[in-house]
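Note sheet for the following structure.
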Amino acid sequence: MTIKTAVLVNPHAGNGRAGQSLDDIRQHSSTHFPGSEVIVTQQVEDIAPAITTALENGTRRFLAVGGDGTNNTFINTLVPHLATHPDIEYGNVPMGSGRDFARMLGTPFEMEACFRWLAQRQAQPIDMGVLRYDDTEHYFVNTSSIGLSYGVNENVKQANGYYPWTFAVATLKAAFEMDEPDVTLKVNGETKYSGKVFLAVMSNGSTFGGGMKIAPHADLNDELLEVVIVEYAPVVQVLSALAAVYRGNHLNHPKLRYFQAQQVDLTANKPLGCETDGESWMAGQSVQVSIAPHKIRYIM
């Protein structure tokens with residue numbers, strides 16, 4: 001049976017490359033997903049009504065063209081519909097700065113190859129993480145973190161274009177400017193750390209920050225979060241730990257702590273700068289991150 005497909009395009013993704021590639025997107029989607037509809041969402045407010053209308057018209061497969069942030073926005077818009085439409089399938093055509101979840105899945109970055117790759121694969125149920133603070137609930141497929149990553153994200157947003165060194169420069173700048181929060185961290189209800197934190201990552205996927213293999217043991221179906229804590233230390237020691245993260249051999253570093261968890265609770269002495277799948281904002285002083293098992297059918 002043919003599944004009706006909608007290709008959702010954030011034209012601003014990849015510094016506008018997605019919008020400049022609309023003709024190619026239409027061609028490749030038509031070739032590999034015959035009868036598919038290409039929908040351009042100029043702003044975030046366009047996404048929810050576009051998805052609702054597509055579902056009413058029988059669409060059950062959604063492909064989003066954009067980076068990790070675009071991926072996150074579309075997924076959070078789809079989540080409320082999963083209870084009534086559990087057969088929804090979702091996939092991503094990566095076109096952004098980090099593209100970290102695509103790296104984990106082995107998704108081709110070249111557009112035509114990506115559409116062909118997606119057409120040849122099946123949707124599988126995967127776990128998702130969920131971040132809660134105040135009255136806010138936010139889902140993610142890859143990572144949620146507090147601390148350094150918030151500053152890195154803000155610096156990347158302000159960068160003039162994206163280059164291979166953009167994340168490295170943004171990380172260095174954030175590391176030297178950061179005011180580390182005092183955090184009490186509980187894993188499955190048990191206090192595991194209390195003190196200053198440079199970075200705390202609760203990860204469903206393996207890679208973030210433009211290629212950092214933060215959670216090398218990540219499994220999208222094990223119903224667990226990978227938790228990596230970078231303790232407060234002089235910046236030189238922290239940078240050595242981050243260099244180890246790029247190689248994926250950091251879990252034994254003396255300034256890092258590693259756990260697996262179904263739920264993580266963080267309480268800090270000040271509002272926490274948070275990141276989920278490349279999107280950042282200021283949260284409250286109390287944040288909870290947990291796993292939502294087999295939440296969405298992801299093409300991979």
Quiz prompt | Filter pass, Thr31 being touching an Asp or Glu at 6+ places or on another chain (Cβ under 9 Å), modelled with pLDDT of 95 or more and not in a helix (DSSP H, G or I) | solution = no
Self-check item: Residue check for Thr2: open to solvent by 40 Å² or more (accessible area, probe 1.4 Å), farther than 22 Å from Gly69 by Cα, more than 20 Å from the chain's Cα centre (by Cα) and at pLDDT below 95
Solution: yes
Practice problem: Just give me the residues in region 104-141 being free of Cβ contacts under 8 Å to residues at least 24 places away in the same chain, assigned to a strand (DSSP E or B) and not acidic (Asp, Glu), in sequence order. | Solution: none
Quiz item: Taking Gly210 and the conditions (1) out of contact with any Lys or Arg (no Cβ under 9 Å at 6 or more places or on another chain); (2) part of a loop (DSSP other than H, G, I, E, B); (3) modelled with pLDDT under 80, which numbered condition does it fall short on, given that it satisfies the others?
Solution: (1)
Self-check item: Residue list for region 53-67, restricted to those being out of contact with any Asp or Glu (no Cβ under 6 Å at 6 or more places or on another chain), open to solvent by 20 Å² or more (accessible area, probe 1.4 Å) and in contact (Cβ under 8 Å) with a residue 12 or more places away in the chain
Solution: Asn57, Gly58
Quiz item: Filtering region 230-247 down to residues that are open to solvent by 50 Å² or more (accessible area, probe 1.4 Å) and not in a helix (DSSP H, G or I), which residue is farthest from Val264 (Cα to Cα)?
Solution: Pro234
Self-check item: Filter result for the condition that a residue is buried (at least 21 other Cβ atoms within 10 Å of the Cβ) and at pLDDT 95 or above, over Val156, Val141, Val79
Solution: Val141
Quiz item: When only residues in region 102-138 that are among the charged types (D, E, K, R) and closer than 20 Å to Gly91 by Cα count, which is modelled with the lowest pLDDT?
Solution: Arg103
Practice problem: Go through region 238-267 residue by residue and tally those that are over 19 Å from the mean Cα position of the chain (by Cα) and among the aromatic types (Phe, Trp, Tyr). | Solution: 2
Exercise. Determine whether Ile88 is open to solvent by less than 40 Å² (accessible area, probe 1.4 Å) and more than 24 Å from Thr143 (Cβ to Cβ).
Key: no
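So that you can scan it fast, the table gives a plain yes or no per residue for (1) open to solvent by less than 50 Å² (accessible area, probe 1.4 Å); (2) part of a helix (DSSP H, G or I); (3) among the charged types (D, E, K, R); (4) modelled with pLDDT of 95 or more:
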{"position": "Ala170", "(1), (2), (3), (4)": "yes, yes, no, no"}
{"position": "Val183", "(1), (2), (3), (4)": "yes, no, no, yes"}
{"position": "Phe198", "(1), (2), (3), (4)": "yes, no, no, no"}
{"position": "Ala215", "(1), (2), (3), (4)": "yes, no, no, no"}
{"position": "Glu223", "(1), (2), (3), (4)": "no, no, yes, yes"}
{"position": "Val228", "(1), (2), (3), (4)": "yes, no, no, no"}
Practice problem: Output the residues belonging to region 12-39 that are under 21 Å from the mean Cα position of the chain (by Cα), under 22 Å from Ala119 (Cα atoms) and either surrounded by fewer than 19 Cβ atoms within 10 Å (Cβ to Cβ) or polar (S, T, N, Q) (or both). | Solution: none
Practice problem: Could you check, for region 8-20, whether at least one of its residues is in a helix (DSSP H, G or I), in contact (Cβ under 8 Å) with a residue 24 or more places away in the chain and closer than 29 Å to Phe208 by Cβ? | Solution: yes
Quiz prompt | Near pairs, Cβ below 8 angstrom, 6+ apart or cross-chain, from region 22-49 (at positive phi) to any residue that is outside any helix (DSSP H, G or I) and surrounded by 13 or more Cβ atoms within 10 Å (Cβ to Cβ) | solution = Gly35/Lys4; Gly35/Thr5
Quiz item: Asp100 fails exactly one of the following numbered conditions: (1) acidic (Asp, Glu); (2) open to solvent by 10 Å² or more (accessible area, probe 1.4 Å); (3) in contact with a strand residue (DSSP E or B) (Cβ under 9 Å, 6 or more places away or on another chain). What is the number of that condition?
Solution: (2)
Quiz prompt | Hey, Thr70 open to solvent by less than 50 Å² (accessible area, probe 1.4 Å), over 29 Å from Leu185 (Cβ atoms), of a type in the set (S, T, N, Q) and part of a helix (DSSP H, G or I) or not | solution = yes
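The values are calculated or read from the model by the stated rules, or taken from the named source; none is laboratory data. Remember, it's a predicted structure, so these values are computed and weren't measured experimentally. A quick note on method: Cβ atoms are made from the backbone with ideal geometry, for glycine too, and the neighbour counts reach across all protein chains shown. Just so you know, the surface numbers come from the protein's heavy atoms only, side chains and all, with ligands and any DNA or RNA stripped out. Shrake-Rupley method; radii C 1.70, N 1.55, O 1.52, S 1.80 Å.
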